[in-house]
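In what follows, a structure is listed as structure tokens, so that the remarks can point back to it.
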Amino acid sequence: MITRTEPPATVSKRRRPPRAVTATATARPCDMRISIIGCGDAFGSGGRFSSATLIEANEGTCLLDCGPSTMTALNGRRIDPDRVDVVILTHLHGDHFAGIPFFLLDAQWIRRRRRPLTILGPPGTRRRLHDTLEALFPSSTAQTPWSFAWTVEERQPGETSVQHGFTIRTMEVVHPSGAPATAVRLAAAGKVFAHSGDTEWTEVLLELAAGADLLFLECFAAVPMRTHLDYATLVARRAAFDAKRVVLTHLGPGMLAHLEAVDRALFEVAEDGLSFEL
Ligand SMILES: [Zn+2]
């Protein structure tokens, strides 16, 4: 179980004042901690950061998606990106992966990272990431003298992999992004966190949710639309989700205007900075 005594996912190892270790014992022991770094849509609606979720367990730390504002959000909360062992990409839309070049170059030039980093994504991730790095920072792929090893592992939807104590399983969902879009289940220490990624309604979501301790569902819209989930559909199907807690995330402007109507007995609503302990 996680027994660190610093505040959950907030304190940089390098910059932490010495007294914070013992003076702020707010975290109870838990097996998995999920912290919302960004729960906004692609456009920063409501001032929310783009998609990123930090998942910590005893043997490692994963970052699920890395939207373009992720470094701003991590720095704002004094979370050290060097803690991340694995970045998992649900799909290859910019608001979910375009923060990776900044993450890598911060690790190289600011933090002088030494620990290896794995980037796990759907087929096409390696090419898309290379092209994005070159578009944003020309010659960075060939001329950066990397101080750490970073590797991209492409996984077919449905494959299971084990990384730093996490069992990671992806499932294909319905969301055009030039590569397969996936939902992700992470299991560690007997706890399960599941995330829909971006998708319109698909029965795969019920399989994703089965037995999960915590389920994040994207809810971009209030009413049905193509390519994304919506509140009306999720309310109608809520009883079919076999998950202990369900959190709505990736909220677009229509859903943000609809928040007062959310049935809080059925759903929790994501906010940047919220943490969940399992
Ligand atoms: Zn998307």
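Numbers at a glance
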read-out	value
Some residue of the stretch 104-113 being under 29 Å from residue 174 (Cα atoms) and either modelled with pLDDT under 95 or surrounded by fewer than 15 Cβ atoms within 10 Å (Cβ to Cβ) (or both)	no
Hey, residue 248 in a strand (DSSP E or B) and of a type in the set (A, V, I, L, M) or not	yes
Test: residue in the stretch 199-217 that is of a type in the set (Asp, Glu) and under 12 Å from the mean Cα position of the chain (by Cα)	no
Filter pass, residue 135 being of a type in the set (Gly, Ala, Ser) and either part of a helix (DSSP H, G or I) or closer than 23 Å to residue 276 by Cβ (or both)	yes
Among (1) closer than 22 Å to residue 50 by Cα; (2) surrounded by fewer than 16 Cβ atoms within 10 Å (Cβ to Cβ); (3) among the charged types (D, E, K, R) - the single one residue 230 does not satisfy	(2)
Test set (1) within 16 Å of the ligand (Cβ to nearest atom); (2) assigned to a helix (DSSP H, G or I); (3) among the aromatic types (Phe, Trp, Tyr) - residue 102 fails condition number	(1)
Filtered residues of the stretch 54-88 (kept if farther than 13 Å from residue 32 by Cα, part of a loop (DSSP other than H, G, I, E, B), in contact with a Gly (Cβ under 7 Å, 6 or more places away or on another chain) and not hydrophobic (A, V, I, L, M, F, W, C))	67, 68, 69, 77, 85
Qualifying position, being surrounded by fewer than 22 Cβ atoms within 10 Å (Cβ to Cβ) and either of a type in the set (Gly, Ala, Ser) or modelled with pLDDT under 95 (or both), among 38, 44	44
Candidate set: the stretch 162-189, residues that are within 17 Å of residue 42 (Cβ to Cβ) and surrounded by fewer than 17 Cβ atoms within 10 Å (Cβ to Cβ); chosen: the one farthest from the ligand (Cβ to nearest atom)	178
Extreme residue, surrounded by the fewest Cβ atoms within 10 Å (Cβ to Cβ), among residues of the stretch 72-99 that are within 16 Å of the ligand (Cβ to nearest atom) and closer than 22 Å to residue 167 by Cα	92
All positions within the stretch 251-278 that are part of a helix (DSSP H, G or I) and either closer than 22 Å to residue 192 by Cβ or touching a Cys at 6+ places or on another chain (Cβ under 6 Å) (or both)	255
Tally of residues being more than 13 Å from the ligand (Cβ to nearest atom) and either among the acidic types (Asp, Glu) or under 20 Å from residue 251 (Cβ atoms) (or both) across the stretch 190-201	3
Residue within the stretch 217-224 that is in contact with a Ser or Thr (Cβ under 8 Å, 6 or more places away or on another chain) and either assigned to a loop (DSSP other than H, G, I, E, B) or more than 21 Å from residue 92 (Cβ to Cβ) (or both) present	yes
Those residues of the stretch 209-254 which are more than 18 Å from residue 169 (Cβ to Cβ), away from the ligand (no atom under 15 Å from the Cβ) and of a type in the set (A, V, I, L, M), in sequence order	222, 223, 232, 234, 235, 236, 239, 240, 246, 247, 248
Options 192, 162; residue that is under 25 Å from residue 269 (Cα atoms), of a type in the set (Val, Ile, Thr), in a strand (DSSP E or B) and out of contact with any Ser or Thr (no Cβ under 8 Å at 6 or more places or on another chain)	192
Residue 152 β-branched (Val, Ile, Thr), touching a helix residue (DSSP H, G or I) at 6+ places or on another chain (Cβ under 9 Å), under 24 Å from residue 124 (Cβ atoms) and surrounded by 22 or more Cβ atoms within 10 Å (Cβ to Cβ)	no
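The values are calculated or read from the model by the stated rules, or taken from the named source; none is laboratory data. Predicted model, so just to flag it, every value in this text is computed and none were measured. Note that we place each Cβ from the backbone using ideal geometry, even for glycine, and neighbour counts take in every protein chain shown.
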